[in-house]
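Heads up, the thing below is written out as structure tokens.
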Amino acid sequence: MQINGLNVLITGGGSGLGAATARKLTDLGARVAILDLPISKGQDVADSLEGGLFVDADVTSADKTAEAINTVCQELGSIQVAVNCAGIATGDRTVGRDNVPADLDQFTRTVTINLIGTYNVIRLAASKMASNEPNENGERGVVINTASVAAFEGQIGQAAYAASKGGVVGLTLTVARDLARHGIRNCTIAPGLFLTPMMEGLPEATRDALASVTPFPQRLGKPEEYADLASHIIENSMLNGEVIRLDGAVRLQPR
């Protein structure tokens, strides 16, 4: 699928991986719509893009997300690509100090945003893509999701986060099979340690320590490298149902 001329929806596009992907795809000739919370920098990012569009919605809301995607389709005419970058990272040990059990509400919120929110966007965006005219290869759309290496090597305190991202990994092949008859591909990127806004908020010494555990290149990943892989997934028609680690060969230790 050629990126030039495509209409792309990116959730969580107001910062980090989503913003980098929005810039990359715009540079390659796509028109990008960013879906993010109203308190995000989504409007600022959209304003910086040629033809950029911002719609505010919470991905966990079925009605609000459906309304936002309808707005995108009305403004752009259609969508051929959806990139799911919206998500949160939380930490809480299953049993903490003084034998206090983990906060169930926090676990539920993490899974709701990262997993259910991802699936919510997949189902709604794919339903729009299914009405597209197929290209010469029979393709009507591409969906790209974001997991994490924590899905495979969750660290201490990452039960909620690892479970939510493990769920995204688990749905990847099944969704690809569900959507195959519509000519829609579905892949997931599992980033390692990346320089996202969350990482940028850490002390430099902490960032350096995290970077040192990545075998090569021994640094934090750049959001632009995520964007490069997302672009390749769109363009390579044989990539479907795959979870691709983007991690410099890092394998997370327990802590």
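What follows draws every value from the coordinates through simple rules; no lab data is involved. Since the model is a prediction, treat every value here as computed from it, not as a measurement. Don't worry about glycine lacking a Cβ; one is built from the backbone with ideal geometry, like all the others, and counts go over all protein chains shown.
Short to long, the 10 Å bins of the Cα pair-distance histogram for the range 20-100 hold 16, 44, 20, 10, 8, 2 percent of all pairs. Projecting the Cα atoms of 131, 142, 163 onto the dipole axis of the range 114-166, where Lys and Arg carry +1 and Asp and Glu carry -1 at the beta carbon, places 163 farthest toward the positive end. Partner aspartates and glutamates whose Cα lies under 19 Å from the Cα of residue 64, excluding those fewer than 8 positions away in the same chain, are identified as 36, 56, 75.
In square nanometres, what is one fourth of the surface area of the convex hull spanned by the alpha carbons of the range 147-255? Numbers along the way, then the final one.
Values: hull surface 28.9 nm².
That works out to 7.2 nm².
Size of the dipole of the chain about the Cα centre, Lys and Arg at +1 and Asp and Glu at -1 on the beta carbon, nothing else charged, in debye to 20?
It works out to roughly 600 debye.
For a straight C-alpha distance cut-off of 18 angstrom, the aspartates and glutamates reachable from residue 222 (same-chain residues fewer than eight places away being disregarded) are 27, 200, 204, 208, 247. Each Lys and Arg contributes +1 and each Asp and Glu -1, all at the Cβ; summed about the Cα centre of the range 43-136, the dipole is approximately 420 debye. Ordering 254, 233, 119 by the projection of their Cα atoms onto the charge dipole of the chain, which places +1 on the Cβ of Lys and Arg and -1 on the Cβ of Asp and Glu, puts 254 at the extreme positive end. For the range 123-213, the list of GluC sites (Glu not before Pro) that fall in a loop by DSSP and count at most 11 other C-beta atoms within 10 angstrom reads 136. Shown here for the range 183-226: trypsin sites (Lys or Arg not before Pro) in loop regions (DSSP other than H, G, I, E, B) with at most 15 other Cβ atoms within 10 Å, namely 219.
Of all the options 96, 241, 138, the one that moves most in a Gaussian network model of the chain with Cα springs shorter than 10 angstrom is 96.
Expressed as a whole percent, the proportion of Cα-Cα pairs in the range 1-150 lying more than 23 Å apart is 36%.
The Cα trace of the chain gives Rg and Dmax of 17.8, 62 Å, the first to one decimal, the second as a whole number. When every alpha-carbon pair in the range 80-172 is counted, what percent end up more than 18 Å apart? So the pairs more than 18 Å apart make up 51 percent of the total in the range 80-172. Considering only 7, 202, 32, the residue lying farthest towards the positive end of the dipole of the chain is 202, judged by Cα position with unit charges set on Cβ. Of all DSSP beta bridges confined to the chain, the antiparallel ones make up roughly 5%. Each Cα pair under 8 Å and six or more residues apart adds its sequence gap; the mean of these over the residue count of the chain is a relative contact order of 20 percent.
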